[in-house]
Structure formats: structure tokens, C-alpha cells
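Shown next, in C-alpha cells, is the structure this report addresses.
Here, each number is a calculation from the coordinates, and none is a lab measurement. Here the structure is a predicted model, which is why all the values come from computation and not from measurement. All Cβ positions, even for glycine, are placed from backbone atoms using ideal geometry, and neighbour counts span all protein chains on display.
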Amino acid sequence: MFPNPFLGDRIDVYWIVGLSTDIRHATDILPGARPSGDWVPTLCERWIRLPFPTVAGRRPATEEILDQCPQCLEIAEARECFGVLWDF
């Protein structure tokens, strides 16, 4: 990924609930940069599949999942990343 010239030195990670998982993992892959169903790496070196978009007018089923992978959290804190919860 190309660095964002507007963020300065800030590192963003996106907390995503992958398909068939029940916990959020952090990834530095910008949501929307890869197609739904694609495999993306997480900070804890697991691979998750990106979920498919929620139908307009409905709320994402993953919205209520707030549990975060402890390994991803530890790595994100060590790197001083700015986290964003992302639901599709």
C-alpha cells in the first residue's frame, strides 16, 4: 500500500471481523482496497477473508462484536497504531 500523505507518521489499522469468525483482527489493508471474500493478512499473521457488504438499509451483523484478538492488540499497541472498527 502507498503511504497516505495526509496522515503524517500515523499508522492506521482496521479492526475487521472476517468471514466465519467471531473476533476482530487488525489489518493494515485499507477496507475497499481488496474485493469481498479476498484473503488479507492480520497483524498476528493469521489470514482472514473480507466480509461481503451489508445490504443497504440493514445494520452489519458484526457491529455488535467488539472482542479483539489479543495478539493483534498487543502488536498494534507496540507500534502505536490508530485503530478503526470497520464493519461491511
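Quick notes on this one:
- Less than 5 angstrom separates the built amide H of Leu85 from those of Trp15, all sequence-distant by 5 or more or on a different chain.
- Semi-axes of the equivalent ellipsoid for the chain, Cα gyration tensor, largest first, Å: 21, 16, 12
- Relative intensity of the range 39-88 on a log10 scale, I(q)/I(0) at q = 0.15, 0.22, 0.25 Å⁻¹, equals -0.51, -0.95, -1.10, per a Debye sum over C-alpha point scatterers of equal strength in the absence of solvent.
- Most fluctuating residue given options Val55, Val40, Val17, as computed from a GNM of the chain linking Cα atoms under 10 Å: Val55
- Under the simplified labelling scheme, the Gln68-Arg46 pair shows an inter-label distance of 1.5 nm, with each label point 7 Å from Cα along Cα→Cβ.
- Loop trypsin sites (Lys or Arg not before Pro), the range 38-88, which have at most 13 other Cβ atoms in a 10 Å radius of their Cβ (DSSP): Arg58, Arg79
- In a simple Cβ point-charge model (Lys, Arg +1; Asp, Glu -1; nothing else charged), the chain has a dipole of about 320 debye relative to its Cα centre.
- Low-density loop cleavage sites - GluC sites (Glu not before Pro) in the range 41-88, where at most 10 other Cβ are within 10 Å (DSSP): Glu45, Glu80
- Cβ-based net charge around Pro31, under 15 Å, with every Lys or Arg adding one and every Asp or Glu removing one: -2
- Length released on extending from Thr21 to Thr54, taking residue separation times 0.36 nm less the Cα-Cα span: 10.3 nm
- Unit charges at the beta carbon, dipole of the range 12-85: most positive-side option, Pro53, Phe82, Ser20: Pro53
- DSSP-defined antiparallel bridges as percent of all bridges, the chain, nearest 5: 60 percent
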